[in-house]
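To start, the structure under review is shown below, and the notes come after it.
The values are calculated or read from the model by the stated rules, or taken from the named source; none is laboratory data. Values in this document were obtained by computation on a predicted structure and should not be read as measured data. In this analysis, Cβ positions are derived from the backbone assuming ideal geometry, glycine residues included, and neighbour counts consider all displayed protein chains.
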Amino acid sequence: MAKMIKERQDILDKLNIRALNPMQEEAIPSIERNANTVLISPTGTGKTLTFLLPVLKGLDMDCNEVQALILVPSRELAIQIEQVLREIGSGFKVNAVYGGRPVSKDKIELRHRPAILIGTPGRIHDHFRSNRFSKDHIRTLVLDEFDKSLETGFEEDMKAIVNQLPKLSKRILTSATQGLQIPGFVGMNNTVTLNYAKGNTSKLAIKSVISPSADKLNTLLELLNFLGNKPGIIFCNFRERIQSVSTFLNKNGISHGCFNGGMEQKDRERTLMKFRNGTYQIIVATDLAARGLDIPELNYIVHFELPRTVEEFTHRNGRTARVNAKGTAYVLTWEKEYLPEFVQDIPVEDISKQVKRKPQYWGTLFVSGGRKDKISKGDIAGLFFKQGKLNKDQLGLIELKQDCAFVAVPLSLTEKLIDRLNNSRIKKKKVRVSKV
């Protein structure tokens with residue numbers, strides 16, 4: 001028992017987490033004990049770690065095949081879970097596979113079987129059809145944000161996958177939404193449901209902002225000037241509207257990123273990376289950003305367009321006021337707009353007090369070396385301190401990938417740093433340094 005506690009504490013230390021929260025303390029032992037569990041908990045409460053610890057505990061070090069399968073509705077969520085597992089450093093191989101990434105890359109990585117395979121249902125089903133690995137050793141199945149997978153049309157793929165898993169002994173389903181129908185094909189017999197959404201004491205405030213014009217753009221600008229330099233997401237329903245909002249923000253000198261399903265995966269990842277490191281303080285996004293993203297605490301979200309369902313309204317709102325933090329969801333409506341029942345009688349916010357937005361401070365630089373080159377975050381920090389002549393306050397977030405890194409630095413210093421650092425050596429590798 002003492003050994004398990006020590007291992008768990010090692011994991012928390014690696015993730016810079018002081019202690020498990022009450023939900024995790026209660027849910028983890030229950031998931032470990034029970035064969036079939038449904039975990040319902042609001043966004044931002046730590047569901048990922050809550051299911052990963054039992055998954056890791058159930059793995060066999062002597063098995064060289066896939067033992068646990070985690071199905072997710074989006075590429076970003078697959079990447080996020082893979083990143084958490086890599087940071088844990090459990091000693092087990094992990095891989096994430098998803099649409100938008102070359103199948104050839106998957107094939108190379110799957111030759112050496114991961115103990116944990118994460119993926120979107122469509123891509124996992126492709127690999128199942130091609131028999132790229134044995135399914136006979138998969139004992140654990142996790143359907144993370146399973147309701148979203150069903151929403152986005154993955155039901156047939158999921159059904160085909162589950163029907164090819166004859167040796168399952170543990171099933172874990174997670175969601176932030178209550179009252180969901182679990183399809184029969186999942187095989188959830190004698191299910192234990194852990195519902196932490198009941199009685200949730202969220203510190204979320206919902207406010208209404210009324211626009212005199214149908215396009216709402218000038219009112220959005222007034223709202224952003226009222227909010228000042230705080231991080232937030234502006235939600236739209238369609239890519240075309242994101243483009244019109246983005247064009248308007250650019251004309252008004254407001255730095256921001258865009259995020260939607262029509263973007264290349266690389267561009268979506270870079271938008272999130274720039275949001276995490278402070279280069280962007282605003283993202284204009286579709287509901288794809290409503291859950292499953294690794295992004296910092298948000299002070300607010302804006303419903304520039306209202307979602308079609310109360311469930312998506314709830315998920316969008318769940319991006320702010322996470323865990324114990326306060327946050328506000330602003331519903332931006334035209335004064336003659338029809339409002340669904342779930343946004344009736346919301347108090348109106350007075351946004352007449354305007355704050356001057358500060359200029360963008362952070363920029364992002366690309367470094368052409370990563371983990372596969374045995375380069376660490378410390379190596380990169382050393383380069384920027386010594387040769388780049390930065391002080392501690394001028395070096396922002398460093399994100400280290402397999403073959404590259406991204407470094408946040410003051411925007412005003414990006415050109416100087418490129419001149420000083422491009423074609424430098426980190427360890428034995430010559431690296432390029434350039435703007436993202």
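Some points to look at:
- Per the listing 43, 37, the residue uniquely closer than 24 Å to residue 196 by Cα, touching a His at 6+ places or on another chain (Cβ under 9 Å) and hydroxyl-bearing (Ser, Thr, Tyr) is 43.
- Residues of the range 99-121 that turn out to be of a type outside the set (D, E, K, R), surrounded by fewer than 16 Cβ atoms within 10 Å (Cβ to Cβ) and touching a residue at least 24 places away in the same chain (Cβ under 8 Å), as a count: 2
- Members of the range 335-355 that are part of a strand (DSSP E or B) and in contact with a Lys or Arg (Cβ under 6 Å, 6 or more places away or on another chain): none
- Residue check: residue 290 meets all listed conditions (1) of a type in the set (A, V, I, L, M, F, W, C); (2) farther than 25 Å from residue 175 by Cβ; (3) within 16 Å of the chain's Cα centre (by Cα) but one, namely (2).
- Looking only at the range 348-380, and only at residues there that are among the β-branched types (Val, Ile, Thr) and surrounded by 16 or more Cβ atoms within 10 Å (Cβ to Cβ), the one that is farthest from residue 335 (Cα to Cα): 375
- Listed by position, the strands (runs of 3 or more DSSP E) enclosed by the range 388-436 that each have at least 2 residues that are under 27 Å from the mean Cα position of the chain (by Cα) are 398-400, 405-410, 433-435.
- Verdict on residue 387 being surrounded by 11 or more Cβ atoms within 10 Å (Cβ to Cβ) and either touching a residue at least 12 places away in the same chain (Cβ under 8 Å) or among the hydroxyl-bearing types (Ser, Thr, Tyr) (or both): yes
- Filtered by the rule that a residue be under 18 Å from residue 295 (Cβ atoms) and either in the same structural domain as residue 286 (by TED's automatic domain parsing) or touching a Ser or Thr at 6+ places or on another chain (Cβ under 8 Å) (or both), the range 70-82 gives 72, 73, 74, 75, 78, 80, 81.
- Taken together, the residues in the range 292-313 that are in a loop (DSSP other than H, G, I, E, B), among the charged types (D, E, K, R) and crowded, with 19+ Cβ neighbours inside 10 Å amount to 1.
- Residue in the range 207-232 that is surrounded by the fewest Cβ atoms within 10 Å (Cβ to Cβ), counting only those that are under 27 Å from the mean Cα position of the chain (by Cα) and part of a loop (DSSP other than H, G, I, E, B): 228
- Meets criteria (surrounded by fewer than 16 Cβ atoms within 10 Å (Cβ to Cβ), assigned to a helix (DSSP H, G or I), in contact with a Pro (Cβ under 7 Å, 6 or more places away or on another chain) and not small (Gly, Ala, Ser)) for residue 87: no
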